[in-house]
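Readers should treat all values here as calculations from the given coordinates under stated rules, not as data from a laboratory. Keep in mind the model is a prediction, meaning the values are calculated, not measured. Neighbour counts run over all protein chains shown; Cβ positions are idealised from the backbone, glycine included.
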Amino acid sequence: MRARSKSARSEKDAGRWTKKIIHVDMDAFFAAVEQRDHAELRAKPVVVGGDPRSRGVVSTCSYEARKFGIRSAMPLSQAYRLCRHAVFVKPRFEVYREVSCRVMNLLRQHTDLVESVSLDEAYLDVSRHRFGIEDPVLIAALIKQNILAATRLTASAGVAGSMFLAKVASDYQKPDGLTVVRPGTENDFLNPLPVRKIPGVGPVIEKKLLGMGYATCGELAAAPLRRLTAELGRHGEYLSRAARGLDEREVSPWTEPKQSSLEETFDKDTLDLEFLRGRLRAYAEEIYEDLLKTGRVGRTIVLKVKYADFRLITRSQTLTREPACSEEIYRVAAALLEEKTRAGKDAVRLLGLGIAGLVNREEIRTLKTPDMFASQGILL
Ligand SMILES: [Mg+2]
């Protein structure tokens, strides 16, 4: 395990933390589970997602696959073109869910304030540790050990005074990293980082920022807010705050996800309706499969579209009964796309599909009226 602090300050400063946040992120999670369970996949480029001839996307890939430029959310066919000898495996969500559950339970041994943001990622507020450990760096090191011992998988951790900085820190030395941003060193840590290290900055925004002359967080932090909002809309304000390390969010404890969704930002903005329909079909298949595996059902189909100019819209439709096949999800989604959005007329940058208001199949039997679960709908 590597531990490195960006600060030259002494450990005594640990007492000056106003908030102690840890972000834990499993390393290449789905791919790491596959490599753990199948010895023949170790040290190989592994792409979790499915058949490269299908229209699916990469869920996760191993570090060996990343060397070829393969990334999450990339179409599988593109991953195949980048690395023809990669091993493509179908996701085993039930296994990932089980491992995730174990990891989250380990985290909750340290505090109740655990916010799980996905199967492989969580924030902890350890300002008041359950057993009174003061040093958040020690807690993070213990967590990494706990996880490795229980799952034979590595995680990276970031320790900082805010959720944003903790997340950027956990990504700083992957895999198996432990990065600490001590109080008072926030700007020293952020300023030299390239803007793409800010969560939410993908290739398109990165290019835009570079074009405006902002390559690092420090440069972005000094940028006039008016210029950023003029060029990037609402995103501008977030970026400006992020580059200065400003984040007031509180860690809010984990709740069962009430939706299943997939979304993808395309490499190029697209006007091609046929392509968008194809993506929806692939999402619908994956979502339906996920629902079957997890025994959940929901009736509200939610479509999310972000246009090239970053306008984001969601459109949803609640069915009278739950969809009986992926084709049904697809048909509703495609109708929403064609009738309720400007896809095909305005270029689309991101497309997402989800089912909201999910409940467990067993729970349904105990519900008095179908309306009770329609009202749980959560939009993307
Ligand atoms: Mg991860």
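Here the chain is treated with +1 on each Lys and Arg Cβ and -1 on each Asp and Glu Cβ, and its dipole about the Cα centre works out to around 500 debye. When the chain is described by a simple charge dipole with +1 on each Lys and Arg Cβ and -1 on each Asp and Glu Cβ, the residue from L220, V89, L303 located farthest towards its positive end is L220.
For the residues L142, L190, L220, a GNM of the chain with alpha-carbon springs under 10 Å puts the largest fluctuation on L142. In a DSSP loop and with at most 14 other Cβ atoms within 10 Å, the trypsin sites (Lys or Arg not before Pro) in segment 205-304 are R249.
Checking the a/c ratio against 1.5 first, then a/b against b/c, what shape does the Cα gyration tensor give for segment 189-243?
Rounded shape, in that the Cα axes give a/c under 1.5.
Please state the shape class of segment 259-374: rounded when a/c is under 1.5, otherwise prolate if a/b exceeds b/c and oblate if not, all from the C-alpha gyration tensor. In terms of gyration-tensor shape, prolate. If a/c stays under 1.5 just call it rounded; otherwise compare a/b with b/c (prolate if a/b is bigger, oblate if not). Do that for segment 143-274, with a ≥ b ≥ c from the square roots of the Cα gyration tensor eigenvalues. Verdict is oblate for segment 143-274. Within the listed set E263, E34, E231, the residue fluctuating most in the Gaussian network model of the chain (springs between alpha-carbon atoms under 10 angstrom) is E231.
With θ taken as phi - 60° and the Karplus curve 6.51 cos²θ - 1.76 cosθ + 1.60 applied, the whole-hertz 3J(HN,Hα) list for segment 341-354 is 10, 9, 4, x, 9, 9, 5, 10, 9, 9, 10, x, 9, x Hz, x standing for glycine and proline. Springs between alpha-carbon pairs under 10 angstrom, Gaussian network model over the chain: which of E274, E328, E264 fluctuates most? Maximum among the listed residues: E274. Backbone geometry of segment 62-75 corresponds, through the Karplus equation with coefficients 6.51, -1.76 and 1.60 at θ = phi - 60°, to 3J(HN,Hα) couplings of 6, 4, 5, 6, 5, 4, 8, x, 6, 9, 4, 6, 7, x Hz, x marking Gly and Pro.
With neighbour counts taken as other beta-carbon atoms within 10 Å, the residues M212, M163 rank, fewest first, as M212, M163.
Evaluating 6.51 cos²θ - 1.76 cosθ + 1.60 at θ = phi - 60° for every residue in segment 245-253, the Karplus couplings come out as x, 8, 6, 9, 4, 9, 5, 10, x Hz, glycine and proline recorded as x. As a rough guide to protection, the peptides 79-87, 54-62, 149-157 ranked by mean Cβ packing within 10 Å, highest first, stand as 54-62, 149-157, 79-87.
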